[in-house]
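To keep things clear, I will list the structure first and then write my remarks on it.
The values are calculated or read from the model by the stated rules, or taken from the named source; none is laboratory data. The structure displayed is predicted, hence computed values, not measured ones. Cβ sites come from the backbone with ideal geometry, for glycine too, and all protein chains shown count toward neighbours. To get the accessible areas, we keep the full protein, side chains included, count just its heavy atoms, and leave off ligands, DNA and RNA. Shrake-Rupley method; radii C 1.70, N 1.55, O 1.52, S 1.80 Å.
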Amino acid sequence: MQSYTLLAPAKINLYLEIIGLRADGYHELAMVMQTVDLADKIVLRPNGNDAFRLSCDHPQVPADQTNLAYKAAQLMASEFPKSFANYGGADIHIQKNIPVAAGLAGGSTNGAAVLVGLNLIWQLGLTHSELEELAGQLGSDVPFCISGGTALATGRGNELDTLPPLNNLYVVLGKYESLAVPTPWAYKTYKEQFSETYVSDIATLESRGKRVHSGPMVNAIAHQDSRKIGELLHNDLEKVVLPAYPQVEQLRQAFLNEKESYSETILGAMMSGSGPTVFAITTTLTQAENLKQKIQTTLPDPDLKLWVAKFISSGISIAGDS
Ligand code: C5P
């Protein structure tokens, strides 16, 4: 049976608005998500026995049942017991390139890759929308990771509308290696501080999400207006994460200071998801590499890691098979 090596890209949020609290306890969101070519490699090797074995080259990633990649495999086994019985389990290895607990959907994209990989190995023929349905059971960001690209995500984050691709932009991503922001903490703290701004009746809750479809960010993307996209970057979670993590605020400010001086080349800067990763958008690779150098000089802290990546229009893809 065939093995597969998949690329599982990270995402950034170009827009994240928290609208209110849903009946299921999650927040109703309106987000614009974008995949970038900083990607983990996931190798799936059929092992012919009745179990999944998970390994990962990153010491901070638990290679156990709490890992979304493992949960994805278990979900597939319970949804497709005959295929599991026929084909058996797989050895799953994660080669981590995406920083962990960073607001870049690193765990979610690994879960999405396992769904895609077992769909191939077990020859199930599931469509992307069927895979997204399953992905929604694993986490709010997992459905987006299946197809990636540029998309509007509403509901819990799992209702997706594809937007025109933005393939000509680059990002510099920055993260303090020792910092991690737990996503549940960020949403809980937001609720404690801002619940009075929440839309409370269900009909308005849903229509507010839909309103973003015709909002300025979606318009700017439709017109490929990268300057406008940079101006319209917005993330409600910055309101709670930045005050609690001064280093993240300092990094964001360092990016924004560079934007002040080089407004022609740096389009905007913001925290991604629940953080602590901060990113800045540029229109060329050279500009992104120059900005990375500048930030390294301004904040010479060995704990600060920086990456340059490109916007891409794909989600999980096959890197190789054997
Ligand atoms: O769905 P996921 O497991 O990725 O979400 C992690 C946590 O983030 C949830 O347990 C919840 O606390 C918070 N969350 C939320 N509303 C969303 C998505 C996530 O409150 N739409």
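Structural remarks
- Test result for Ser322, modelled with pLDDT under 95, polar (S, T, N, Q) and more than 22 Å from Leu166 (Cα to Cα): yes
- Unique match (being open to solvent by less than 40 Å² (accessible area, probe 1.4 Å), within 15 Å of the ligand (Cβ to nearest atom) and closer than 21 Å to Pro9 by Cβ) among Val181, Val171: Val181
- Residue that is least open to solvent (accessible area, probe 1.4 Å), among those in region 266-288 that are within 20 Å of Gln34 (Cα to Cα) and out of contact with any Leu (no Cβ under 8 Å at 6 or more places or on another chain): Ala288
- Odd one out for Ala105 among (1) open to solvent by 20 Å² or more (accessible area, probe 1.4 Å); (2) within 15 Å of the ligand (Cβ to nearest atom): (1)
- In region 173-191, the residues that are free of Cβ contacts under 8 Å to residues at least 40 places away in the same chain form no Cβ pair under 8 Å with any partner that is more than 10 Å from the ligand (Cβ to nearest atom) and open to solvent by 50 Å² or more (accessible area, probe 1.4 Å), whether six or more places apart or across chains.
- Summed over region 138-164, residues that are near the ligand (Cβ under 10 Å from one of its atoms) and assigned to a loop (DSSP other than H, G, I, E, B) total 8.
- Subset of region 136-172 [within 22 Å of Ala73 (Cα to Cα) and without any contact (Cβ under 8 Å) to a residue 40 or more places away in the chain]: Gly136, Pro143, Asn158
- Tally, over region 13-72, of residues that are within 16 Å of the ligand (Cβ to nearest atom), out of contact with any Gly (no Cβ under 6 Å at 6 or more places or on another chain) and charged (D, E, K, R): 4
Residues are listed down the side, and each one gets a yes or a no for (1) farther than 16 Å from Ser3 by Cβ; (2) in a helix (DSSP H, G or I); (3) open to solvent by 60 Å² or more (accessible area, probe 1.4 Å):
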| position | (1), (2), (3) |
| --- | --- |
| Asp40 | yes, no, no |
| Arg45 | no, no, yes |
| His58 | yes, no, no |
| Ala63 | yes, no, no |
| Thr66 | yes, no, yes |
| Lys71 | yes, yes, yes |
| Ala77 | yes, yes, no |
| Lys82 | yes, yes, yes |
| Ile92 | no, no, no |
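- Applying a threshold of 6 Å to beta carbon distances and a minimum spacing of six or more residues, or different chains, the list of pairs starting in region 27-54 at a residue that is small (Gly, Ala, Ser) and ending at one that is in a strand (DSSP E or B) reads Ala30/Glu17; Ala30/Thr154; Ala39/Leu7; Ala39/Ala8; Ala39/Pro9.
- Residue within region 111-123 that is assigned to a helix (DSSP H, G or I), touching a Pro at 6+ places or on another chain (Cβ under 9 Å) and closer than 12 Å to Val43 by Cβ present: yes
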